[in-house]
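The next block holds one structure in the form of structure tokens; read it before the comments.
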Amino acid sequence: KPQFFVVSGAFLIFALLFLVSNAKYADTPKLSEMDGRVQLGISYVQGGGAPMVGIGMLKDVLKEDPTNKYALWTLGTFSQQSGQHDKAILRFEDLLNIETEKEERVNIYTALEFSYINTDQVNRALLLHEKMLEEFKSDSTLVSMIKERNREIRNKFINVKKD
């Protein structure tokens, strides 16, 4: 009989631990099938084995869901990393046409500005700042940062003194 209590006690403890761990993971958001495919595509690109297979997977996700923010952002950043800023611009402009949260929009604008500057489209970067100032006018900290960045770009690219 003591062995029965030990075995049943061990089983009870195991069952409780299993239930607690399942409850913990039940609240964890599950990836959508599309997001899983995006992550797999990222692993192909970053794993070094077959980057074009990964890019193809990301593009396939966009064929099925042209508003998939995760795939658009990922393709945009991969385009920037490979110096294909013209492609990055298209991805980030598409992202801005999709409903996104404020923090996401700030990141998209920042990435877009980076690609504009890297393709010598300084005026478009400055126009982007105007759009940002209007959109985020209620956030004084962000407005200050945008104005400062605007000054930096103007000083670096426009107000350059010629000898």
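Of the residues GLY54, GLY83, only one is within 29 Å of ASP35 (Cβ to Cβ) and open to solvent by 20 Å² or more (accessible area, probe 1.4 Å); which? Lay out the reasoning, then the answer.
Numbers: GLY54 fails: open to solvent by 20 Å² or more (accessible area, probe 1.4 Å).
Being within 29 Å of ASP35 (Cβ to Cβ) and open to solvent by 20 Å² or more (accessible area, probe 1.4 Å) holds for just one of GLY54, GLY83, which is GLY83.
Is it true that LEU75 is within 13 Å of the chain's Cα centre (by Cα), assigned to a helix (DSSP H, G or I) and surrounded by 15 or more Cβ atoms within 10 Å (Cβ to Cβ)?
Working: within 13 Å of the chain's Cα centre (by Cα): yes; assigned to a helix (DSSP H, G or I): yes; surrounded by 15 or more Cβ atoms within 10 Å (Cβ to Cβ): yes.
Considered against the rule, which asks whether it is within 13 Å of the chain's Cα centre (by Cα), assigned to a helix (DSSP H, G or I) and surrounded by 15 or more Cβ atoms within 10 Å (Cβ to Cβ), LEU75 comes out as yes.
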Check your understanding: VAL106 is checked against (1) of a type outside the set (S, T, N, Q); (2) under 24 Å from GLN46 (Cβ atoms); (3) surrounded by 12 or more Cβ atoms within 10 Å (Cβ to Cβ) and fails just one. What number does that condition carry?
Key -> (2)
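Select from region 121-143 the residues that are under 12 Å from ILE89 (Cβ atoms) and open to solvent by 80 Å² or more (accessible area, probe 1.4 Å) and list them in ascending order.
Selection gives ARG124 alone.
Rundown of residues vs (1) within 13 Å of GLY76 (Cβ to Cβ); (2) assigned to a helix (DSSP H, G or I), yes/no style:
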{"site": "ILE98", "(1), (2)": "yes, no"}
{"site": "GLU113", "(1), (2)": "yes, yes"}
{"site": "GLU130", "(1), (2)": "no, yes"}
{"site": "LEU133", "(1), (2)": "no, yes"}
{"site": "THR141", "(1), (2)": "no, yes"}
{"site": "LYS156", "(1), (2)": "no, yes"}
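The values are calculated or read from the model by the stated rules, or taken from the named source; none is laboratory data. Just so it is clear, the structure is predicted and the values come from calculations on it, not from any experiment. Heads up, the Cβs are rebuilt from the backbone with ideal geometry, glycines too, and the neighbour counts pull from every protein chain shown. Side chains included, ligands, DNA and RNA excluded: accessible areas come from the protein's heavy atoms. Shrake-Rupley method; radii C 1.70, N 1.55, O 1.52, S 1.80 Å.
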